[in-house]
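A quick write-up on the structure given underneath.
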Amino acid sequence: MAKKYIDVMDTTFRDGFQSVFGGRVLMEDFFPALEAAKEAGIRHFEFGGGARFQSLFFYLNENAFDMMDRFRAIVGPDANLQTLARGVNTVMLDTGSREMVDLHAKMFKKHGTTTIRNFDALNDVENLKYSGERIAYHGLKHEVVVTMMDLPPGCVGAHDVAFYEKTLREILDSGIPYHSICFKDASGTSSPQKVYETLKMARKLVPEGTHLRLHTHETAGVSVACYLAALDAGVDGIDMAAAPVSGGTSQPDILTMLHAVKGKNFDLGGLELEKILKYEDVLGDCLKDYFMPPEATQVSPLIPFSPMPGGALTANTQMMRDNNMLDRYPEVIRAMREVVEKGGYGTSVTPVSQFYFQQALNNALMGPWKKIAPGYGKMVLGYFGKTPTAPDAEVVRIAAEQLKLDPTTDNAIDIADRDETKSIAYWTQKLSDEGIEATDENIFIAASCDVKGIAFLKGEATVNVRKNSPKVAESNQPKQSQQENFTMANGTYTVIVDGQSYNVQIVGGNATVVQAAPAAVAPVAAPAVAAAPAAPAANANAICAELPGSVFKLVAAVGDSVNAGDKIMILEAMKMEIDVVAPRAGKVTSINVQPNDKIEAGQVLAVVE
């Protein structure tokens with residue numbers, strides 16, 4: 001009897017890059033590996049969407065649409081190229097209006113996408129209706145998703161087989177057009193038995209011939225067992241990645257899975273061991289200069305207690321490493337358990353995973369529930385949709401009080417439609433004001449990436465990738481090439497001198513020491529080092545940073561009159577935007593930072609008198 005053919009999607013170039021490098025891999029560096037993957041016989045790739053959309057504009061000074069076009073040109077017209085979308089959030093971290101949800105599908109179709117995998121972290125089917133409709137309308141295949149995870153021990157109320165059956169029935173009854181169904185576990189915490197029972201349930205429930213898939217991560221160490229359970233339950237497709245961006249926080253390795261099914265009645269994509277081995281050799285060579293976070297290669301027994309998805313785990317630990325606070329990571333992970341339970345059990349996948357992490361970080365650094373993270377607060381108040389279970393009433397009260405928002409049961413997309421700043425007209429005018437052509441692509445880039453999108457379109461973006469060390473230029477090398485070498489090494493490094501740590505930020509070939517080193521210390525890995533100016537001494541009117549991060553956007557200016565609660569600036573920390581507001585009415589007498597500045601906890605940001 002012929003073996004059952006299992007469709008394999010190679011996630012290396014999207015989820016693999018996100019889970020290991022925070023999405024920060026330059027296209028010229030990985031295209032040779034893509035050629036090798038094609039030669040190895042892979043015909044189904046995840047090639048964009050999710051965090052690999054914004055990250056190209058934020059960190060790589062690359063246009064995600066250009067990358068998608070070039071990817072398609074390499075693999076040919078017949079490959080199934082898939083992207084990831086977050087329901088009404090699409091590839092943004094905030095809810096999009098109907099105009100933006102439609103534009104997302106239109107642009108992704110135009111730039112080579114075959115299939116969009118579309119999920120909602122809350123499993124709120126209302127958030128999948130319009131997004132799924134527009135994906136199908138624009139001629140794309142719609143892969144609708146049920147998101148999965150295991151709850152921390154002792155927690156009940158959602159994320160069991162009955163909950164997934166209820167969600168799947170709602171999808172089927174809603175009339176949402178779909179071409180396949182995926183069960184997605186971004187944290188890799190679902191137990192193999194639950195996976196088996198869930199897929200058996202789904203196989204009985206869906207129409208005959210429906211394509212069912214499972215997506216998971218190796219984060220908790222059970223992914224291979226989960227895939228084997230899913231195969232036994234009748235799944236039609238699974239996702240895998242190639243070394244060195246496989247296992248650990250990413251998907252199981254292709255070679256590992258080929259080994260795991262030896263002797264079983266499954267044909268994984270017609271793939272052959274020797275050809276995949278050759279592909280992985282090329283990929284390893286392409287990525288050899290990139291810094292591999294040690295946590296990206298490990299599985300963690302603590303993850304089922306959090307739970308923290310692979311793609312968010314490395315992004316968060318890298319940001320904590322950059323801000324010299326990685327020692328607090330275990331404390332934050334422990335704090336997530338309460339945050340998940342009191343937040344209503346939304347699935348720990350972007351953007352909810354970031355809401356969880358941000359709130360856990362606040363609870364660990366400032367005390368439980370002293371400071372509500374904006375995203376987490378809006379989630380428990382209902383602004384992103386309905387959570388699987390009701391959030392804790394006291395947390396809802398605190399969030400409403402701190403954010404000055406009332407709880408809502410309105411659909412998230414209806415709320416977005418009422419927001420002028422989420423309209424095509426708003427972003428068309430914004431581009432016009434900046435002297436930028438208002439093409440569909442530029443409108444979507446600006447709307448999804450805001451200030452950083454505008455900076456990219458104006459040619460002001462910088463490259464910030466993490467490589468092992470800056471390349472040392474030869475003395476006879478042209479000046480331009482020397483600059484390129486240092487630019488490729490942009491990032492934040494920790495340097496140990498005489499037992500003391502210093503943070504060195506390298507941007508465009510110049511290094512800045514965040515904590516001033518002794519005068520005798522020589523510059524490190526760059527031609528010039530300048531000590532950062534000391535922050536002004538805090539006073540009663542000073543507004544200080546509560547968390548380390550960077551300045552995303554200045555809203556107020558020196559001389560502006562503000563009321564208590566008015567925005568002064570927006571910070572970016574742990575992939576979230578954090579409003580800095582005036583604590584009292586008065587006049588802004590000082591702005592002590594500029595956009596893109598790195599900041600530390602306690603640093604004076606502004607003064608209102």
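The values are calculated or read from the model by the stated rules, or taken from the named source; none is laboratory data. Because the structure is predicted, anything quoted here is derived from the model rather than measured. With ideal geometry, Cβ positions are generated from the backbone for all residues, glycine too; neighbour counts draw on all protein chains shown. Just the protein is used for accessible areas: all its heavy atoms, side chains included, with ligands, DNA and RNA removed. Shrake-Rupley method; radii C 1.70, N 1.55, O 1.52, S 1.80 Å.
Is one or more of the residues making up the stretch 265-273 among the hydrophobic types (A, V, I, L, M, F, W, C), within 20 Å of ARG213 (Cβ to Cβ), open to solvent by 10 Å² or more (accessible area, probe 1.4 Å) and out of contact with any Cys (no Cβ under 8 Å at 6 or more places or on another chain)?
Pass one, the stretch 265-273, residues among the hydrophobic types (A, V, I, L, M, F, W, C): 266, 268, 271, 273.
Of the ones still in play, those that are also within 20 Å of ARG213 (Cβ to Cβ) are 266, 268, 271.
Next, only the ones that are open to solvent by 10 Å² or more (accessible area, probe 1.4 Å) stay: 266, 271.
Checking which are out of contact with any Cys (no Cβ under 8 Å at 6 or more places or on another chain) leaves us with 266, 271.
Checked against the condition, which is being among the hydrophobic types (A, V, I, L, M, F, W, C), within 20 Å of ARG213 (Cβ to Cβ), open to solvent by 10 Å² or more (accessible area, probe 1.4 Å) and out of contact with any Cys (no Cβ under 8 Å at 6 or more places or on another chain), the stretch 265-273 yields at least one hit.
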Inter-residue pairs, beta-carbon under 7 Å, first without any contact (Cβ under 8 Å) to a residue 24 or more places away in the chain and in the stretch 384-401, second surrounded by fewer than 17 Cβ atoms within 10 Å (Cβ to Cβ) and part of a loop (DSSP other than H, G, I, E, B), 6+ apart: VAL396/PRO407; ALA400/ASP406; ALA400/PRO407
Qualifying residue in the stretch 76-83 (condition: assigned to a helix (DSSP H, G or I), in contact (Cβ under 8 Å) with a residue 40 or more places away in the chain, buried (at least 24 other Cβ atoms within 10 Å of the Cβ) and not acidic (Asp, Glu)): no
Which listed residue is of a type outside the set (Ser, Thr, Tyr), open to solvent by 10 Å² or more (accessible area, probe 1.4 Å) and closer than 25 Å to ALA64 by Cα, from ALA121, ALA136, ALA105: ALA136
Single residue of the stretch 297-319 satisfying the filter (open to solvent by 50 Å² or more (accessible area, probe 1.4 Å) and not in a helix (DSSP H, G or I)) that is farthest from ASP253 (Cα to Cα): LEU302
Exclusive hit being part of a helix (DSSP H, G or I), touching a residue at least 12 places away in the same chain (Cβ under 8 Å) and open to solvent by less than 40 Å² (accessible area, probe 1.4 Å), set ILE176, ILE181, ILE171: ILE171
Selection count, the stretch 1-24, where residues are among the hydrophobic types (A, V, I, L, M, F, W, C) and open to solvent by 10 Å² or more (accessible area, probe 1.4 Å): 4
Residue within the stretch 224-238 that is in contact (Cβ under 8 Å) with a residue 12 or more places away in the chain and under 21 Å from ALA51 (Cα atoms) present: yes
Residue in the stretch 363-378 that is touching a Leu at 6+ places or on another chain (Cβ under 6 Å) and either surrounded by fewer than 19 Cβ atoms within 10 Å (Cβ to Cβ) or over 22 Å from GLU546 (Cα atoms) (or both) present: no
